[in-house]
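Beneath this line is the structure, given in structure tokens, with notes to follow.
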Ligand SMILES: Nc1ncnc2c1ncn2[C@@H]1O[C@H](COP(=O)(O)OP(=O)(O)OP(=O)(O)O)[C@@H](O)[C@H]1O
Ligand SMILES: [Mg+2]
């Protein structure tokens, strides 16, 4: 992409409505525009990152054996009456009437719809286990939408649902989700800590929330500092192995880490004092096992091996895809702007031409652009007739992790400059070596 042809409406001033840094930077970097309270248009740069996050979520779900599909945003109220949640859900549910005066709603989640699909098509235990998921827009009429995409009313969420014959199988699904979520967040450059949580309106005895530690987080959390030493890394895991998935769950959940709803002062105080932490966190996902709550209410039964009809064991599992963008920026920025982790950056590398119009500089930038593209990388080339200072400020604001700077002086010596956004360190290299280095960095991502 050439910046002269792109649509990147950056703001010079700090927007006064933004209270936290991620909201401020997303507005300033031209990533989103508020359409109405808690509802945003995703401008090209924001949309590009959203697609990257979505892809990572898809890849990790499919790797875990879960099956993608797509359900609608608008749902009929009838199914929700069956589960009893039409009345329970309260004012967070946006209720709509169609022209025939039928009650509809904009889905805040999809347990009812998926259970209906399941009961229409699955009748035997032989079709289990089954985990279906989708990534779709949700609407919750939050009383206080705020912090930009962090607490929107319309937001993008991955929600998955497992159907199993036994509680043991359903807990295997729970563990698989925990593992796949750990991988997902790490690929996004985030540490998200699974914490014991409360079921809320979805219900259930087993549930963990995944929290990214941040001062601006809305949840109060209590944990043993030893949990922050845990990383999943690049270990191989067999998702079909109950033991392997269970071992990861135990490793990541045996140390104290809880949200305020489940916090227990007595247990907390058994941790050595220097490891006790009280902090704030951003909830970026939650997993639930809720047994037969929905299958009983909605008659989602299968024939078991003994010929008897039994309700299936279920769980649901959500990742806040749009909220994650805010969480990543909260965790990774400096006073000049965003610093994207390599796994989610909208463009892999910026190219800054210090002397636009200079024949040699233009040719060198075009050649860099072509070499990077040929290697499957996406550069963003600032080819505008702007001063160098303005170009650097834009690149720093939008946060591409690597920048190649090209100017006539360097070219005389056969070099360009490669700069890390994170450290600010630069090195001079021949253009092809800079391309190789960028390619190597992304080979491992
Ligand atoms: N209003 C929202 N805006 C953006 N993301 C959201 C919002 N509500 C929920 N999410 C995301 O969707 C994920 C799964 O939904 P879940 O039903 O667990 O949300 P929740 O527990 O009600 O969230 P919260 O406690 O923050 O209101 C959450 O972990 C969060 O990352
Ligand atoms: Mg939740």
Residues of region 270-292 that turn out to be surrounded by 17 or more Cβ atoms within 10 Å (Cβ to Cβ) and within 16 Å of ligand 2 (Cβ to nearest atom), as a count:
10
Any residue at all in region 331-341 that is in contact with a helix residue (DSSP H, G or I) (Cβ under 8 Å, 6 or more places away or on another chain) and closer than 28 Å to residue 139 by Cα?
yes
Residue pairs, Cβ under 7 Å, 6 or more apart or interchain, first in region 279-300 and within 15 Å of residue 259 (Cα to Cα), second more than 14 Å from ligand 2 (Cβ to nearest atom) and in a strand (DSSP E or B). List them.
279/213; 280/220; 281/213
Looking at (1) surrounded by fewer than 21 Cβ atoms within 10 Å (Cβ to Cβ); (2) modelled with pLDDT under 95; (3) out of contact with any helix residue (DSSP H, G or I) (no Cβ under 6 Å at 6 or more places or on another chain), can you tell me which one residue 85 breaks?
(1)
So is residue 124 within 30 Å of residue 304 (Cα to Cα), surrounded by fewer than 19 Cβ atoms within 10 Å (Cβ to Cβ) and touching a helix residue (DSSP H, G or I) at 6+ places or on another chain (Cβ under 8 Å) or not?
no
Residue selected from region 113-146 under the condition part of a loop (DSSP other than H, G, I, E, B) and more than 21 Å from residue 200 (Cα to Cα), by the criterion nearest to ligand 1 (Cβ to nearest atom)
129
What do you reckon, is residue 267 in contact (Cβ under 8 Å) with a residue 24 or more places away in the chain and either within 23 Å of the chain's Cα centre (by Cα) or away from ligand 2 (no atom under 16 Å from the Cβ) (or both)?
no
Within region 138-155, residues away from ligand 2 (no atom under 15 Å from the Cβ) and either closer than 30 Å to residue 301 by Cα or in contact (Cβ under 8 Å) with a residue 24 or more places away in the chain (or both) come out as 139, 141, 143, 145, 146, 147, 148, 149, 153, 154
In this structure, is residue 174 crowded, with 18+ Cβ neighbours inside 10 Å, within 15 Å of ligand 1 (Cβ to nearest atom) and either assigned by TED's automatic domain parsing to the domain that holds residue 112 or in contact (Cβ under 8 Å) with a residue 60 or more places away in the chain (or both)?
yes
Scan region 159-171 and tell me whether some residue there is within 12 Å of ligand 1 (Cβ to nearest atom) and buried (at least 24 other Cβ atoms within 10 Å of the Cβ).
yes
Here are some conditions: (1) at pLDDT below 95; (2) within 30 Å of residue 47 (Cα to Cα). Residue 198 meets all but one. Which one does it not meet?
(2)
Out of (1) more than 16 Å from ligand 2 (Cβ to nearest atom); (2) part of a helix (DSSP H, G or I); (3) touching a helix residue (DSSP H, G or I) at 6+ places or on another chain (Cβ under 7 Å), the odd one out for residue 178 is which?
(1)
In region 36-44, is there at least one residue being touching a strand residue (DSSP E or B) at 6+ places or on another chain (Cβ under 7 Å) and surrounded by fewer than 15 Cβ atoms within 10 Å (Cβ to Cβ)?
yes
Quick one: which helices (runs of 4 or more DSSP H) lie wholly within region 25-112 and hold at least 3 residues that are without any contact (Cβ under 8 Å) to a residue 40 or more places away in the chain?
44-63, 77-83
Just to confirm my filter: which helices (runs of 4 or more DSSP H) fall fully inside region 331-445 and include at least 1 residues that are under 25 Å from residue 55 (Cα atoms) and outside the structural domain of residue 28 (by TED's automatic domain parsing)?
359-374, 388-398, 431-443
For residue 180, only one of the following conditions fails: (1) surrounded by fewer than 21 Cβ atoms within 10 Å (Cβ to Cβ); (2) under 21 Å from residue 109 (Cβ atoms); (3) out of contact with any strand residue (DSSP E or B) (no Cβ under 7 Å at 6 or more places or on another chain). What is its number?
(1)
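The values are calculated or read from the model by the stated rules, or taken from the named source; none is laboratory data. Keep in mind that what you see is a predicted model, and the values were worked out from it rather than measured. Glycine gets a Cβ as well: all are built from the backbone with ideal geometry, and neighbour counts include every protein chain shown.
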